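The values are calculated or read from the model by the stated rules, or taken from the named source; none is laboratory data. Model, not experiment: these values are computed from the prediction. So basically every Cβ, Gly included, is an ideal-geometry build from the backbone, and we count neighbours across all protein chains shown.
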Amino acid sequence: MIPVSIVIRLIQEFGVLPYISGMLEPVMGIVGLPAETAIVWLTGMVVNIYGGLLSLFSIYPSFSEPLTHAQLTILLTMILLAHTIPVEVGIAKKTGVKFWIMFLIRFLGAIAIGAILNGIYSLTGTLQETVEMPEFLVPGHLGWGDWALNELKNYGVIIAVIFTLVVFVHLLEVVGFMKFINRMFLPMLGWLGISERMLPLTVIGMTMGLAYGGGLIVDEGKKEGTKPKDIFFAMTLMGLFHSIFEDTILIIGAGAHWTGVIIVRAIFAFAVTYIFVLATKRIDDEKFAKIFMTKSFRKKMDSEKTK
């Protein structure tokens, strides 16, 4: 995150932000966000959620007007759907799903849910109040020395938040709440058509994070008899809806509203996965693998056939 902070600072100092914003202004317009927020979303996609938040705090004083609670919810929900792309989509590729397929699902999914939330909040007139960011997070333009000290304070806040979240999630495991949530999700995933082999792994990814669930699916995919649809449906759902405790609490703590972060995101993730299930229902495994899966996964399928 330290290099991210420096890059964002240089972007501000050399006046590059308007050019980046201008290129992505049409996309941000679709979701009802000012063009300046493009750099925040891009940072979240390339780095991680924390990097996205840091960039938001850094450039917020440069916004032509403050965000509303609806706009902040839209922006942070989009980051939830499309963040840490090089790492998380790379994990999806290791499970056997094509990199560009999973990238498009998360990138276009983020834009789609942003547009949906924008429509909901605009039509209902909800969350239109202006966001008031804490002054210590967005102090305005500072000299390099004061800026460095302020960034160190922000890192300290983020470290405290990460530590608190890790402890909280661990306590949920200790008291058995995570097992309860896992059992609750199992019937829903079965309804989506995810096989019994993938059910517990998918639930782990949804609750604990894509790195956990995806890593387990990488191992599962090496075993004989693993169906390409099982892996793809599981990774699609996890890609759009994972780490539902840690990331959700973090984003709500940053100011996003629970309606977008939890309810709309969950409905959207399950709906998109189910659409893929219905659309590919009559496609056989071999043809499905050619469209959605990597060459290495298809070679594994071919080798299993020759045994």
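Values as computed for the structure displayed
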| read-out | value |
| --- | --- |
| Breaking point among (1) in a helix (DSSP H, G or I); (2) buried (at least 18 other Cβ atoms within 10 Å of the Cβ), for Leu127 | (1) |
| Test: residue in segment 39-51 that is hydroxyl-bearing (Ser, Thr, Tyr), modelled with pLDDT of 85 or more, surrounded by 16 or more Cβ atoms within 10 Å (Cβ to Cβ) and under 25 Å from Phe276 (Cα atoms) | no |
| Residue within segment 85-102 that is surrounded by 23 or more Cβ atoms within 10 Å (Cβ to Cβ), within 13 Å of the chain's Cα centre (by Cα) and among the aliphatic types (A, V, I, L, M) present | yes |
| The listed residue being more than 24 Å from Arg265 (Cβ to Cβ), without any contact (Cβ under 8 Å) to a residue 40 or more places away in the chain, out of contact with any Asp or Glu (no Cβ under 7 Å at 6 or more places or on another chain) and of a type outside the set (S, T, N, Q), out of Leu10, Leu42, Leu24 | Leu10 |
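Residues are listed down the side, and each one gets a yes or a no for (1) at pLDDT 90 or above; (2) farther than 20 Å from Ala234 by Cβ:
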{"site": "Phe99", "(1), (2)": "yes, no"}
{"site": "Leu104", "(1), (2)": "yes, no"}
{"site": "Leu123", "(1), (2)": "yes, yes"}
{"site": "Glu129", "(1), (2)": "yes, yes"}
{"site": "Leu137", "(1), (2)": "no, yes"}
{"site": "Asp146", "(1), (2)": "no, yes"}
